[in-house]
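Each remark here refers to the structure printed beneath this line.
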Amino acid sequence: MFESTITTRDIASLVVRDEGRLVETGNTWEPYQLVDSSGVVVQAAAAFLSELQAQDCTVSTLRSYGYDLLLWWRWLTAVGVPWDKATRAEGRDFARWLKVADKPRRPHWRHRDGNAPANAEPVALQREPSATNRLTGKAGRGQKFAPSSRGHLETVLRTFYDFQLEVGQGPLVNPFPLDRSRRAGRANAHRNPMQPAEPHRKGRYRPKVPKRIPKRIPDEHFNQIFAGLKCHRDRALLAFFVSTGARSEELLDSYQGDVDPGDQLIAVTRKGTRRVQRIPASPDAFVWLRLYQEESWRRGAPRGRHEPLWFTIRRPFRPLTYPAARAMLGRAQSQLQSNWTLHDLRHTAAWRMAQDPNMPLTDVQWVLGHESLSTTQRYTTPAEHEVIASVLAHHRRRGTSGPTPGTAPPAPGYSQSSLNVLFGRPSS
C-alpha cells in the first residue's frame, strides 16, 4: 500500500544548506545540543541524547549521533517536512539521496557568519575522487557518502524514531522501518545453537557495508613516518600507539598517574566497558615519554598525577585532542604521501602481536580489549601487499618451470606460443 501511494520527489535538484549546528556546551549533563537555523534548541534531539547518556553512552557517541541528527534536520529543512511529519517516503528519499548525491558544501568556519569576501568559494565537504593510495591501498575521501556512514545514519535515525514512538511523540510509523524479512519476528529466532548465526539485514534502507580487512603499516614505512616526527611528544605518542594497541581516545584520555615505568604498564579506560585496564608498552615508548615530560615540565606544563598525560606544544598548555593527534600523523606522512590513520596504528600493533608465534591469540584479545575472539582473528589475515607479492611469485615460478609432463598438443587452430604465454610456460 505504501509503495503505491507515495509521491515522487525531485531529489536530483535538492540543495541541502548549512543550517543549524551541533553545539558543544561544556556541560557534563548536556554535552551537545542540536540547534536549528534560528538558534533554538531542538527538544526532540535533546531528549534523545539524554536517553543515550542514561544508557551509559560515551560523549563521543553523543557527538556522533548528534551530527547524524543534524544532517537529517538539514535534509528535512530542504524538503520542507517537519521531523514529526516524516513518513517512509522521506526515509526512502533520504536513503536515495545519501547514495547518489554528493556531500553538501559548507563555508569555511571563518565565514560562517556571512562575512566571506566576494571572491571566496565555499569549502567542499567532498573531495575529488582519488585513486587508491599506492602505499596504503586505501581510497581517499570521495564525493559520495561511504556505505559505513550511510549505515550509521540509518541506524541512528531508526533508533531516534523508535524512542520518539515510545514517549508518544513523532509520527506513528517509523520512517526507517525494519527489513521486510524481519516482520515475522526476531532474526535467527529458531536457529540451531550448534550452527553459526546467519547474517540478516536489519533496516530496510540500510546499505550493504563491505567487510574491511584491517590495514597495517609495514615496518619500513613506519620507520619513515617515525623519522619524520618533529618532537619527543609525537615520538612517545606514536610509540605507545604501536606497542599497546590502545584506541586513540583511550590513550589520549590517560593521566600522568596512569603511567608505571617500572613495570612498563599504562592504565587506559576501555571504550566500551569503561573498565580501567593496565596494558604493557615497549621500553622505547617509556624512554620517549620521559624525554617529552622533562622537556614539557621545563617549559611550564602542568605536573601531577591527576593532570593529563598529553599536552599541546604551544602555550597555553591544553590537553591534546584527537584532531590534533590526527593532524600530527598527517604531517609526518607528507613525504610518503600516504593516508594511514591513527586507528591503523592499533591495527599495526595487533598484527605484530598476532604474528608472534610465542604469543597466544587469547593474549592479543586481552590486550586489544575485544569481547569476541573472532574479532581478534581478523588480524591473522594476510595484508593485501603480501597476497599480491605471493601471487606474483607464484606466476614467476610457473614461468620458470619446465613444461608439464604429459601435456597434450594443442587442438587444431590454437597457437602453441599463445598457449605458453597464457599458462605461463616457457617458450619452446
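Data table
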| read-out | value |
| --- | --- |
| Solvent-accessible ranking of Lys144, Lys230, largest area first, probe 1.4 Å | Lys230, Lys144 |
| Area accessible to solvent at Leu70, 1.4 Å probe radius, in Å² | 10 Å² |
| Segment Asp10-Trp297, length gained on full extension (0.36 nm per residue, minus Cα span) | 97.3 nm |
| Largest-first ordering by accessible area, 1.4 Å probe, given options Met359, Met328, Met353 | Met359, Met353, Met328 |
| Stretch gain in nm, segment Leu392-Val59, where the contour uses 0.36 nm per residue and the Cα spacing is subtracted | 115.2 nm |
| Cβ-derived FRET efficiency at R0 51 Å, Gln416 paired with Arg275, nearest 0.05 | 0.15 |
| The stretch 134-183 - Debye-derived log10 I(q)/I(0), Cα point model, q = 0.22, 0.27 Å⁻¹ | -0.86, -1.04 |
| Cα-Cα over 32 Å, subset of Lys103/Lys202; Lys99/Lys271; Lys85/Lys215; Lys99/Lys230; Lys138/Lys230 | Lys85/Lys215; Lys99/Lys230 |
| Thr25 paired with Gln143, simple spin-label distance in nm, labels 7 Å along Cα-to-beta-carbon | 4.0 nm |
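The values are calculated or read from the model by the stated rules, or taken from the named source; none is laboratory data. Keep in mind that this is a model prediction, so the values were computed, not measured. Cβ sites come from the backbone with ideal geometry, for glycine too, and all protein chains shown count toward neighbours. For accessibility, only protein heavy atoms count, side chains too; no ligands or nucleic acids. Shrake-Rupley method; radii C 1.70, N 1.55, O 1.52, S 1.80 Å.
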